[in-house]
1. Of the peptides 431-437, 325-331, how do they stack up when ordered by the mean number of other Cβ atoms within 10 Å, highest first?
2. Work out, in µm²/s and without decimals, the Stokes-Einstein translational diffusion coefficient of segment 1-153 at 25 °C, 0.890 mPa s, Rh from Kirkwood over C-alpha pairs.
3. So what is Rg over Rh here for the chain, counting just Cα atoms and using Kirkwood for Rh?
4. In whole Hz, what ³J(HN,Hα) sequence does segment 143-149 give by Karplus (6.51, -1.76, 1.60; θ = phi - 60°), x for Gly and Pro?
5. Using amide H atoms built 1.01 Å from N in the peptide plane, name the residues 5+ places from ALA138, or on other chains, whose amide H lies under 5 Å from its own.
6. Please state the relative contact order of the chain as a whole percent: Cα pairs under 8 Å, 6+ residues apart?
7. Can you give me the % of accessible surface on the chain that is carbon or sulfur? Probe 1.4 Å, all protein chains present, nothing else counted.
8. Taking amide H positions as placed in the peptide plane 1.01 Å from N, state which residues far from ILE47 in sequence (5 or more) or on other chains have amide H under 5 Å from it.
Amino acid sequence: MDIEIVIRNAQVIDGTGGPPLAADLGIRGDRIVAIGAVAPEPGQTVIDAAGKAVAPGFIDVHTHDDRALLSTPDMAMKVSQGVTTVVVGNCGISLAPLAPGGAPPKPLDLIGDRSDYRYPTFAAYLDALDRNPPALNAACLCGHTTLRAGAMDALDRAATADEIAAMRGRLAEALEAGSIGLSTGLGYPTAEPAPTSEVKALAELLKPAGALHTTHMRDESEHVMEALDEAFDIGRSAGVPVIISHHKTAGHANFGRSRETLKKIDRAMATQPVGLDAYPYIAASTVLDPKFLRMAERVFVTWSKGAPEQTGRDLADIAKEWGVDALTAVARLQPAGAVYFTMDEGDVRRILSYPHTMIGSDGLPHDSHPHPRLWGTFPRVLGHYCREEKLFPLEEAVRRMTGLPAQQFRLTNRGSIAVGAYADIVVFDPATVIDRATFEAPMTPAAGIDTVIVNGRVVWRDGSGTGARPGRALRRQALQAEAARAI
């Protein structure tokens with residue numbers, strides 16, 4: 001069979017949630033070609049996985065890696081966790097299609113500066129990934145706020161009919177180029193003025209293209225139930241799946257309300273396609289904005305152009321040192337980003353335990369001092385919440401990171417260990433895998449991730465990257481074509 005890589009003595013966790021299988025794996029080119037007893041032959045690369053788990057590469061369904069894919073193509077912060085595919089363009093924020101004349105408005109500055117927004121079409125961005133491939137795969141969403149910034153002269157209002165028409169034209173181009181769907185970030189001031197009707201006018205284009213809608217909802221605190229209703233309404237109106245991004249109930253007054261939200265999501269799932277993702281931390285991270293301060297028990301700065309020397313420090317300490325109140329300090333730090341401790345551990349556990357919850361890091365690689373979720377999300381789920389806290393069995397944890405997201409995002413032949421599937425594989429030690437990134441040292445690689453393979457090539461081995469960059473831009477049309485061939 002001309003097998004090139006053999007993984008021996010594996011405990012295969014195949015991504016379906018089923019029990020482990022003791023087997024060897026054979027890889028040829030970018031595919032898994034054998035599962036069972038595979039005897040190594042001269043010239044083959046042999047990986048001994050004795051005592052290790054072998055799983056499909058993890059799919060990070062919620063990222064802001066649009067710029068990082070091009071600027072740091074080794075993607076060490078993700079492949080070091082076992083991630084082999086990222087979904088970019090979340091929260092209404094995508095690098096394309098936009099080439100602004102000035103600095104990008106908030107929250108677009110979370111992922112890049114003016115020089116990074118140089119792709120007037122979505123095709124131009126995907127072509128850039130083809131020319132400069134990263135170490136892992138990327139499925140790309142088109143952001144609503146990015147579309148607004150390209151079509152409107154001011155973002156503090158609803159779009160006009162002509163502006164909506166311009167946005168529809170750009171979204172149609174993105175879908176034709178291969179975008180997997182539309183994302184919204186209605187909780188941000190630059191998208192909050194958009195009425196539901198504006199989003200629906202764009203979402204109309206998704207069903208004919210076989211695309212989906214992901215949403216950072218309009219509210220994740222007091223009005224979270226109403227925000228869920230709006231998200232479901234958009235999905236029903238467009239006839240497309242809707243994914244609730246980084247689900248949470250933020251602010252002390254809303255601690256415990258995940259009981260209500262998960263019941264509501266359950267009811268919606270009975271009548272329409274709905275998904276959700278979450279990250280395994282009680283702290284959020286985004287732009288530094290006064291509106292978020294009231295919900296947080298602690299805030300620290302992740303980046304600041306107004307006072308870069310304050311990066312990594314608590315806002316309370318900065319304000320005290322400057323002799324000003326928190327709002328004045330926020331103004332002086334701008335533009336800036338922050339981590340906000342806004343969630344209850346009980347809610348985090350409840351949402352992670354919900355059987356339909358996928359795992360997404362929501363990390364911000366543009367930050368100088370990022371949230372540790374950028375480097376630690378997946379090992380934290382495996383090590384802390386699965387092994388130590390026993391929220392779910394290992395097979396279920398892997399399913400949430402592989403088979404479930406591949407199904408939800410229609411990533412054909414990924415997210416599973418099966419003959420014919422792409423050879424996106426992670427070898428890890430279930431007994432030692434753990435996150436080591438902390439809020440104080442957020443860019444520390446995880447422990448227990450042994451080997452990571454993307455499209456049949458090793459990209460991470462024994463604690464370091466190999467320099468291989470076999471990743472691909474996973475265009476939606478290509479996915480549909482593969483599905484048709486499989487049938």
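The values are calculated or read from the model by the stated rules, or taken from the named source; none is laboratory data. Remember, it's a predicted structure, so these values are computed and weren't measured experimentally. Here the Cβ positions follow ideal geometry from the backbone for every residue, glycine too, while neighbour counts run over all protein chains shown. Ligands, DNA and RNA are excluded from the accessible area calculation, which covers all protein heavy atoms including side chains. Shrake-Rupley method; radii C 1.70, N 1.55, O 1.52, S 1.80 Å.
1. Working: 431-437: 19.7, 325-331: 15.7.
Ranked from most to least packed, the peptides come out as 431-437, 325-331.
2. Working: Rh = 17.8 Å.
Here the translational diffusion coefficient equals 138 µm²/s.
3. Values: Rg = 21.6 Å, Rh = 22.5 Å.
Reported Rg/Rh (Cα atoms, Kirkwood Rh): 0.96.
4. Each residue of segment 143-149 in turn: x, 4, 5, 4, 5, 4, 4 Hz.
5. VAL86, ARG472, ALA473, LEU474
6. Working: 1228 pairs, mean separation 101.2, N = 487.
Value for the chain: 21 percent.
7. Values: 8900 of 16950 Å².
Result for the chain: 53 percent of the exposed heavy-atom area is carbon or sulfur.
8. VAL6, ILE7, ARG8
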